[in-house]
Amino acid sequence: MSQVRRLIMAVSSTISSNPMSFKHGLSLWCPQSSPSLHRTLQSSSSSIGFKTFLRNHVAAASSSSSFANENREYVIVGGGNAAGYAARSFVEHGMADGRLCIVTKEAYAPYERPALTKGYLFPLDKKPARLPGFHTCVGSGGERQTPDWYKEKGIEMLYEDPVTGIDIEKQTATTISGKLLKYGTLIVATGCTATRFPEKIGGNLPGVHYIRDVADADSLISSLEKAHKLVVVGGGYIGMEVAAAAVGWKLDTTIIFPENHLLQRLFTPSLAQIYEEFYQENGVKFMKGASIKNLEAGSDGRVIIGIGAKPAVSPFERLGLNNSVGGIQVDGQFRTGIPGIFAIGDVAAFPLKMYNRMARVEHVDHARRSAQHCVKSLLTAHTSSYDYLPSFYSRVFEYEGSPRKIWWQFFGDNVGETIQVGNFDPKIATFWIDSVNSCSPTGKLKGVLLESGSPEEFQLLPELAKSQPFVDKSKLQSASSVEEALEIARTSLQAAV
C-alpha cells in the first residue's frame, strides 16, 4: 500500500472514529512531522481546511521510503511484557492495524517474563514451560499473542534489532543494525538489563549465567544438564526461584548473598527463617553476609548471578531521568517531558499516588497495568492519574514430585511493625501495621503477605492494602490461625466502610 493511501486511510479512520479528534489533539502521525504537528493539525481544520492540509503533506508521504518501518503512527521500543499488553490495548481501541510497530532486541514476540525463572527452569522430565505457551497475555487470563496474532492484527514486528538512539527533533529512532525508524508517538518499554559482575573478576567466564530472556534461560538449562554443583549469587526473587528449580535437578546448590536473610527488602527476619529452613530441608545451603571477590571456572560447577537489574535507559537520557529511583521520569499518564514520548513498565519512574512518592517498580503486574493505562490515556479522553497498588508474588517448587508447592502474594507497603500469624502449616501471614507509637492498641494496616491462601483469601489482600483499615493489634497477635487473622482484618475493613 502506498504511503499516500496509508496516510489518507489513517486520517479518515481517525475522523470517523472520533469527530472531536482535531479539537482534542488526538495523536495523529504524518510523515516528516515536526514536534509542533499536533498544534498544526488542530489549527489546520479551522484555517486552511483539511483538504489543503492533506495536500500539503502528500509530497512528504511519497518521499518517506527511506524509513525501515511501514507502521509509523505509534512505535513501541522494547518487546517485553509491557509491549505485549500495550499491543493488546491498541487492538482493543481499534488503533493497531497498519499503525503500530514494535521494535525489540528479542527473537520472540512478547512473553510473560516471570516464567523464565519459574516453569521454564523445571527439569526436562517435569513438563517445563516453553513458548508459545507463555506469550502475553496468558499471564492475566488473556489471549495468547503468538507471532501470527501480531500479523493478523496488522502490527509490524521488528525482531533482534534494539534501538540505540532517538532523534527527538526529527522523530526518528535508529537501531543497532542501522535502520532508521519514523514515529509519530513513541512508547519506551525497554525494561531492565541484568546487573553483571565485572569481567576482571570472572563475570563473563563460561558457566557464569545471567537470566533476563529466553536465550539466557536456554543457556542456563544447557549448563544445568551438565552440572553437579550450582552456586546462586543473590538472595532475592531470582536467587530463590533458581535455587528452587535446582532442587528439582538434584544439584548441590548454595545461595550466597551479603544480607542477613533471604529477600531482605520484603521479608521480615522471622518470615525469611521459615523459608530458609524449607530450602535447607531440601538440600540448599546458604552463605549469608558474603560478597564475591572473584569467580573461577570449574569443570562441574555453574554460577547463576541474580543480584538485581537496572533500567535500560541509555538511548533515552534526553527524555529526563529520575536520579533517586532510576528510570525515565513520567507523570501519572506515563508522559515524559518530551511531547509525544511515553515510558512504561520497569523503565518508568512514576508518581506512586497512594503513597505520595516517586517509584520505579520491577514487576509484571505493573508492566501490564502501566501499559494499559498509558494506551488508554493516549487514545481516549481518559485523564486520570495512574493509581497503582504495589504487589509482589512468587511461585516455586511447582514441578511434579516437589515436596511442597510454595506460592505467596504481597500487597501494599512493608512499613511499620509486623505481626506474623501461622506456622507454615501450610499457611502463614504477615501484617505490616503503622501505629502512632508501639504502645498504641490499633494501627493502620499498610501491607499484608499471605502464603498458600485460597483464591478468596488472596482476593482480600488488595482490598485491605488499598483501604488501610485500622486494626486491633492485640486481636491479630492472639489469632490462633491465619483464617482467624484474615477475618479480623476483614471485619476492620467493613467497619471502616
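The values are calculated or read from the model by the stated rules, or taken from the named source; none is laboratory data. All values derive from a computational prediction rather than experimental measurement. Counting neighbours? That spans all protein chains shown, and the Cβs are built from the backbone with ideal geometry, glycine included. Heads up: the accessible areas ignore ligands, DNA and RNA and are worked out on the full protein's heavy atoms, side chains in. Shrake-Rupley method; radii C 1.70, N 1.55, O 1.52, S 1.80 Å.
Relative contact order, percent, of the stretch 377-437 when contacts are C-alpha pairs under 8 Å separated by at least 6 residues?
23 percent
Quick one: ranking GLU199, GLU70 by accessible area, 1.4 Å probe, largest first, what do you get? If you can, show how the numbers build up before the last one.
Details: GLU199 140, GLU70 90 Å².
Solvent-accessible surface, decreasing: GLU199, GLU70.
Using θ = phi - 60° and the Karplus curve 6.51 cos²θ - 1.76 cosθ + 1.60, what whole-Hz ³J(HN,Hα) does each residue of the stretch 197-214 get, with Gly and Pro shown as x?
Calculated HN-Hα couplings, in order: 6, x, 4, 5, 10, x, x, 10, 5, x, x, 9, 10, 10, 10, 9, 9, 4 Hz.
Round to the nearest 0.05 the FRET efficiency obtained for GLU169 and ASP218 when R0 = 41 Å and r is the Cβ-Cβ distance. Walk me through the numbers on the way to the answer.
Working: r = 41 Å, r/R0 = 0.99.
In this case the efficiency is close to 0.50.
For SER270, what accessible surface area do you get with a 1.4 Å probe? Give it in Å², rounded to 10.
60 Å²
Multiply the residue gap between LYS288 and MET358 by 0.36 nm, knock off their C-alpha separation, and tell me the result in nm, one decimal place.
Numbers: separation 70, 0.36 × 70 = 25.20 nm, distance 3.13 nm.
Length gained between LYS288 and MET358: 22.1 nm.
What Kirkwood hydrodynamic radius do you get for the stretch 199-307 when you take the inverse of the mean 1/r over all pairs of distinct Cα atoms, in Å? If you can, show how the numbers build up before the last one.
On the way: mean 1/r = 0.0711 Å⁻¹.
The Cα-based Kirkwood calculation yields 14.1 Å.
What is the extension gain from ALA107 to HIS382, computed as 0.36 nm multiplied by their sequence separation minus the C-alpha to C-alpha distance, in nm to one decimal? Mind showing how you got there, number by number?
Details: separation 275, 0.36 × 275 = 99.00 nm, distance 3.40 nm.
Gain on extension, ALA107 to HIS382, equals 95.6 nm.
How about LYS473: which lysines have a C-alpha closer than 25 Å to its C-alpha, ignoring those fewer than 8 places off in the same chain?
Cα-Cα hits under 25 Å: LYS427, LYS444, LYS446.
Express the relative contact order of the stretch 405-495 as a whole percentage, based on alpha carbon pairs under 8 Å and six or more residues apart in sequence. Write out the running numbers ahead of the final one.
On the way: 176 pairs, mean separation 27.2, N = 91.
Computed over the stretch 405-495, the figure is 30 percent.
So how far, in whole Å, is the C-alpha centre of the stretch 354-408 from the one of the stretch 456-471?
16 Å
Can you tell me how much longer the chain between PHE458 and THR195 gets when fully stretched, taken as 0.36 nm per residue apart minus their C-alpha distance, in nm with one decimal? Mind showing how you got there, number by number?
Numbers: separation 263, 0.36 × 263 = 94.68 nm, distance 3.21 nm.
Length gained, PHE458 through THR195: 91.5 nm.
Which lysines, on any chain, are close to LYS182 with Cα under 30 Å apart, when same-chain ones fewer than 8 places away are left out?
Cross-link targets: LYS23, LYS51, LYS105, LYS151, LYS153, LYS170, LYS310, LYS376.
From the helices alone, meaning DSSP H stretches of at least four residues, give me the mean residue ellipticity at 222 nm for the chain, per-run term -39500 (n - 2.57), in deg cm²/dmol to the nearest 500.
Values: 13 runs with 143 residues, N = 497.
Theoretical 222 nm ellipticity from helices: -8500 deg cm²/dmol.
Would you count, across the stretch 199-307, every pair of lysines whose alpha carbons are under 24 angstrom apart, provided the pair is eight or more residues apart or spans two chains?
Value for the stretch 199-307: 12.
So how far apart, in nm, are the two label points at GLU487 and GLN273 if each is 7 Å from Cα heading toward Cβ?
Between GLU487 and GLN273, the label points sit 2.9 nm apart.
Taking just the alpha carbons, could you work out the radius of gyration and Dmax for the chain, both in angstroms?
Expressed in Å, the Cα Rg and Dmax of the chain come to 25.1, 77.
Could you pull the accessible area for ASP97 with a 1.4 Å probe, rounded to 10 Å²?
Here the accessible area works out near 110 Å².
Sorted by packing (mean other beta-carbon atoms within 10 Å per residue), highest first, where do 416-422, 123-129 land?
On the way: 416-422: 18.7, 123-129: 14.3.
Peptide ranking by packing, descending: 416-422, 123-129.
Quick one: net charge around GLY191, please, counting Lys, Arg +1 and Asp, Glu -1 for every other residue with C-beta under 12 Å from its C-beta. Could you put the intermediate results ahead of the total?
Numbers: positive: LYS105, ARG113, ARG212, LYS310, ARG360; negative: GLU106, ASP213, ASP346, GLU362.
Neighbourhood net charge equals +1.
Starting from the 7 Å offset along Cα-to-Cβ, what nm value, one decimal, do you get for the label separation of GLU259 and SER478?
Going by the 7 Å Cα→Cβ label model, 3.4 nm.
I need to check one value: relative contact order of the stretch 85-209, counting alpha carbon pairs closer than 8 Å and at least 6 residues apart, in percent.
On the way: 140 pairs, mean separation 28.2, N = 125.
Computed value for the stretch 85-209: 23 percent relative contact order.
What is the distance in Å between the Cα centroid of the stretch 336-350 and that of the stretch 268-301?
The stretch 336-350 and the stretch 268-301 have Cα centres spaced 37 Å from each other.
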